[in-house]
1. Give me the percent of DSSP beta bridges within the stretch 33-151 that run antiparallel, rounded to the nearest 5.
2. Distance in nm between label sites at Leu183 and Ile136, each 7 Å beyond Cα in the beta-carbon direction?
3. Go ahead and estimate [θ] at 222 nm for the chain from helices alone: -39,500 (n - 2.57) per DSSP H run with n ≥ 4, summed, over the residue count, rounded to 500.
4. Which listed residue (Ile67, Ser108, His48) has the Cα farthest towards the positive end of the charge dipole for the chain, taking +1 on Lys and Arg C-beta and -1 on Asp and Glu C-beta about the Cα centre?
5. Tell me which residues come under 5 Å, amide H to amide H, from Thr153 once H is placed; ignore anything under 5 positions away on its chain.
6. Suppose all protein chains stay in the model; what accessible area per residue would a 1.4 Å probe give for the stretch 98-202, in Å²?
7. Could you calculate the FRET efficiency of Lys37 with Lys175 from 1/(1 + (r/R0)^6), where r is the beta carbon distance between them and R0 is 25 Å, rounded to 0.05?
8. Roughly speaking, what is the stretch gain from Asp100 to Lys72, that is 0.36 nm per residue apart minus the C-alpha to C-alpha distance, in nm to one decimal?
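The values are calculated or read from the model by the stated rules, or taken from the named source; none is laboratory data. It should be emphasised that the depicted structure is a prediction, and the values quoted were computed from it without experimental measurement. Please note: Cβ atoms are built from the backbone with ideal geometry, for glycine as well, and neighbour counts cover all protein chains shown. Each accessible area value is taken on the protein alone, full model and side chains, heavy atoms only, with ligands, DNA and RNA left out. Shrake-Rupley method; radii C 1.70, N 1.55, O 1.52, S 1.80 Å.
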Amino acid sequence: MFTICISFAIIINKMSKLLLSPSLLSADFSDLRSALKKIETNGGEAVHIDVMDGQFVPQITYGQPVIKSVRKHSSLPFDVHLMVEKPELMVDSFAEAGADWITFHLESTVHADRLIARIHELGKKCGVSIVPSTPISSLSEILPFVDLVLVMTVNPGFGGQKLIPYCLDKVSALKKIREERGLHFKISVDGGINEKTVQSAIDAGTDIIVSGSAFFSDALKWEG
């Protein structure tokens, strides 16, 4: 065991498979270029981009034109998290805008299998996300086909929320399923990840840490 508040970079050194993906949701939207630079120079290995449509979640954030405009300012993979209704209508345009990974919500579409296939046809990594109230059993049939499972550890829609502890049980269960079935998807957690909760997420078995408020407020110091 080691002290969490020192930095995520030290965690990476000790847990080499852990990937850090800061969320732009908590950045200054008027200066996303600087936010991307901060991610690149402070240990981030991907950029988590939360797309909200005001229907699947209450807020509206940004869309394809914004992603396209900031794509040239970062060489890191863009992990576009579609918190939208009917994501199947949007994946082509987000792929064209510069997404490298496209994650959709299981709750937002009927034909998840078809959507996974389409994202792969576009040459992108495919992720699937579930909200806290959705059991992991609902993912059983599609786990062999996705590259990433994003476990929401808060109810999506707003930054700065507190982590819901029982959601980390899903991470542990997914890790066990992955081992038992010989699968290869990565496990990501998003919501309420800060200097007090990050160790619990690591202990549960996550591969990817998404942090927004704690990262951009400097509550978590990342040393690249």
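1. On the way: 1 of 20 bridges.
Roughly 5 percent of the beta bridges in the stretch 33-151 run antiparallel, per DSSP.
2. Each label point lies 7 Å from its Cα, and together they span 0.9 nm.
3. -8500 deg cm²/dmol
4. It is His48.
5. Under 5 Å from the amide H of Thr153: Asp190, Gly191.
6. Values: 4700 Å² over 105 residues.
Per-residue accessible area for the stretch 98-202 comes out at 45 Å².
7. After rounding to 0.05, the efficiency reads 0.15.
8. The Asp100-Lys72 span can extend by a further 8.8 nm.
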